[in-house]
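Encoded as structure tokens, the structure appears first; notes follow it.
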Amino acid sequence: VTPLLISLKVALCSTLLILPPGIGLGYLLARTRVRGRSVIETLASLPLVLPPTAVGYVLLRALGRHGIFGVAALGIDLDILFTWKGAVLAACVMALPLVVRSARVAFEEVDPRLEGVARTLGLGPIRTFTSITLPLARRGLLASCILGFSRSLGEFGATIVVAGNIPGKTETLALAIWSDMQTGRDHDAMLLVGLTVILAFAAIWTVEILQGRRTRRA
Amino acid sequence: MCHRRENLPVARESLLTSAAIMQGLARRTTFRIGIARRAAALALITAAVLPQPPARAAAAAVTAGAAPHSETIVYAAASLRDVLQELAPACGKATGTRLVFNFAGSGELAYQIETANKADVFFAADAVTMDEVARAGLVDQTSRRTPLSNRLVVIGPAGTTASVKAAADLAVPRVRRVALADPRSVPAGRYAKAWLVKAGVWEAVKERVLPALDVRAALAAVESGGADLGVVYKTDAKIATRARVLYEVPDADGPKIEYVLAALKDRPGLETSRKVVAWLCGAEAAAVFEASGFITRAPGR
């Protein structure tokens, strides 16, 4: 049960942490035509295609004792590596591209003319965003949130590098399955696999339902 | 005292879980800004506002200085998994701390310690690995001990018909894969390689080696039938249910196996770590180590 709780905690924290920057970036990419937009988009998608171990290794070196965010450089220990916060960090980085991409799609589906109308009726850009764009993109954003959550829940490669595999502390579901496999506890591994299937099914199904509603409405 | 400190994280966790459930509820039902969603937000905010347990600071504040360290993080070789978990409650009680383990191949653990020293005690399966960490200046040398030894055995899956009478039997054609802990980073693999090199068959065995992340993974590879033979510690074979010992490497043929244990420096609670090390080298622990098949030495040697 502990791995499940750790997984939920890590995935929730990471989802909450990446939502603001993820939605922000998604909006930026959907609406603005800033110079270097394609570069930003590529950079934001990089963790999607890089091997998770590579991402983990970069984080590990950066936060390690002699890294740029390490004790030696900052003077204080951020206490992220090999703690549950490390697992959150890994999940954040790996899930961000999914959130950005799906948020972008959600915003692109909002008709820009509606925003224009709101502006002509006297709403400021921020009010337009909060009372027109956000509510209209609500379903898509919720789906993006669930996608980010599920990706965080399943994170393995970067997590094992950055957070280790410490039972009761950083051993998430994905890592516990691996440990059970490695030590030949097949029964336990199967149990955890069943648990993850249920969780993943619930999450993806929710996304499907949300998207189904959207297309029917359109 | 300990219990009260631990209440906070539990409260955080249950709040987070309830938030997740309520969010799920909000998604399932279609009321727009339903009560559930508000409650979920509230629970999340409360969870975020609850302070992180300042465990060490609190421990120091309560009894000014000599407080028992609430948690001792032990990084230990994978082969010690079962026996250390068995010893943990008694050791914790005797030294006034709670043991938290991180089990993996010793090389992997050394790398983790060098990257970010989050461990209080390191229990490595060979001296080479401990020396590596010591070179980084992280080992409390006065506490360093060599309390245990072990033996190597050749194992096969439970139903195997293979017979092994000497090292050379690992190099016969019908043996396609031999599971070893990866000799590049794991002590068990280095010991196995040293034995095979000494017997003059390493070159022949080398191409059949299935390198595993740690010795327990090598054991699992044999138990699953993925490897025809494996070389693991006698203590690993002892806990195996679907593998059997085919050959025990005689002490004279194999390398000297030494487990090295030490407290790590630059950590709060070094005194407690030293106590844990001392307890693990003591008579009570020795009896359990012996029962698990380890070879113990007199304390302090």
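The values are calculated or read from the model by the stated rules, or taken from the named source; none is laboratory data. Treat the numbers as computed from the prediction; the structure is a model and nothing was measured. Cβ atoms come from the backbone with ideal geometry, glycine included; neighbour counts cover every protein chain shown. When the accessible area is computed, the model is the full protein with side chains, heavy atoms only, and any ligands, DNA or RNA have been set aside. Shrake-Rupley method; radii C 1.70, N 1.55, O 1.52, S 1.80 Å.
Data table
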| quantity | calculated |
| --- | --- |
| Extension gain from A:Ile204 to A:Leu191, taking 0.36 nm per residue of separation minus the Cα-Cα distance | 2.7 nm |
| Value of Rg/Rh across the range A:1-82 [Cα atoms, Kirkwood radius] | 1.05 |
| Note, ³J(HN,Hα) from phi for the range B:106-111, Karplus 6.51, -1.76, 1.60, rounded to Hz, x at Gly and Pro | 4, x, 4, 5, 4, 4 |
| Average other protein chain Cβ within 10 Å of Cβ, residues B:207-220 | 2 |
| Whole-percent carbon and sulfur share, accessible surface of the range A:31-149, 1.4 Å | 67 |
| Space enclosed by the convex hull of the alpha-carbon atoms of the range B:134-235, per residue, Å³ | 118 |
| Vicinal HN-Hα couplings computed from phi for the range A:152-169 (Karplus, 6.51 cos²θ - 1.76 cosθ + 1.60; Hz; Gly/Pro x) | 4, 4, x, 4, 10, x, 5, 5, 5, 6, 7, 10, x, 9, 9, x, x, 10 |
| Ratio Rg/Rh, restricted to the range B:212-301 and using Cα atoms, in which Rh is the Kirkwood radius | 1.06 |
| Within straight-line cross-link reach of A:Lys169, lysines at Cα separation under 29 Å, skipping those fewer than 8 residues along the same chain | A:Lys9, A:Lys85, B:Lys93, B:Lys118, B:Lys238, B:Lys265, B:Lys275 |
| Rounded if a/c under 1.5, otherwise prolate or oblate - the range A:55-137, Cα gyration tensor axes | prolate |
| Built amide H within the under 5 Å cut-off of B:Ala104, gap 5+ | B:Ala76, B:Ala78 |
| Solvent-accessible area per residue for chain A (1.4 angstrom probe, square angstrom) | 50 |
| Peptides ranked, highest mean first, by Cβ atoms within 10 Å: ranges A:79-86, A:55-62 | A:79-86, A:55-62 |
| Burial of 20 Å² or greater, the range B:231-245 residues [accessible area, probe 1.4 Å, versus chain by itself] | B:Arg242 |
| Neighbouring partner chain Cβ atoms per residue of B:113-121, average, 10 Å criterion | 6 |
| Residues whose placed amide H lies under 5 Å from that of B:Thr72, excluding near-sequence neighbours | B:Arg98, B:Leu99, B:Val100 |
| Within the accessible area of the range B:74-114 (1.4 Å probe), percent carbon and sulfur | 51 |
| Ranked by how many other beta carbons lie within 10 Å on average, peptides B:212-221, B:171-180, B:123-132 from highest | B:212-221, B:123-132, B:171-180 |
| Cα centroid of the range A:95-172 to Cα centroid of the range B:123-155, whole Å | 48 |
| Top positive-direction residue, dipole computed over the range A:65-218 with Cβ charges, set A:Ala176, A:Ser150, A:Trp84 | A:Ser150 |
| Lysines with Cα under 21 Å of B:Lys234, excluding same-chain neighbours fewer than 8 positions away | B:Lys165, B:Lys193, B:Lys198, B:Lys256 |
| FRET efficiency, 1/(1 + (r/R0)^6) with R0 45 Å, evaluated for A:Leu123 and B:Asp82 via beta carbons | 0.10 |
| Point-to-point label distance, B:Ala283-A:Leu134, nm (Cα→Cβ direction, 7 Å offset) | 6.9 |
| Inter-site label distance for B:Val172 and B:Lys206 at 7 Å from Cα along Cβ, in nm | 2.4 |
| Whole-Hz ³J(HN,Hα) from phi, Karplus 6.51 cos²θ - 1.76 cosθ + 1.60, for the range A:19-27, glycine and proline x | 4, x, x, x, 5, x, 5, x, 5 |
| In the A-B interface, the accessible area buried, summed over both sides, Å² (probe 1.4 Å) | 2700 |
| Drop in accessible area of at least 40 Å² in the complex versus isolated chain, residues of the range A:183-208, 1.4 Å probe | A:Thr183 |
| Equivalent-ellipsoid semi-axes of chain A, from the Cα gyration tensor, Å, largest first | 35, 23, 13 |
| Shielding by partners - mean other protein chain Cβ count within 10 Å, residues of B:95-104 | 3 |
| Cut-off under 5 Å, modelled amide H: who pairs with B:Leu264 long-range | B:Val121, B:Phe122, B:Asp140 |
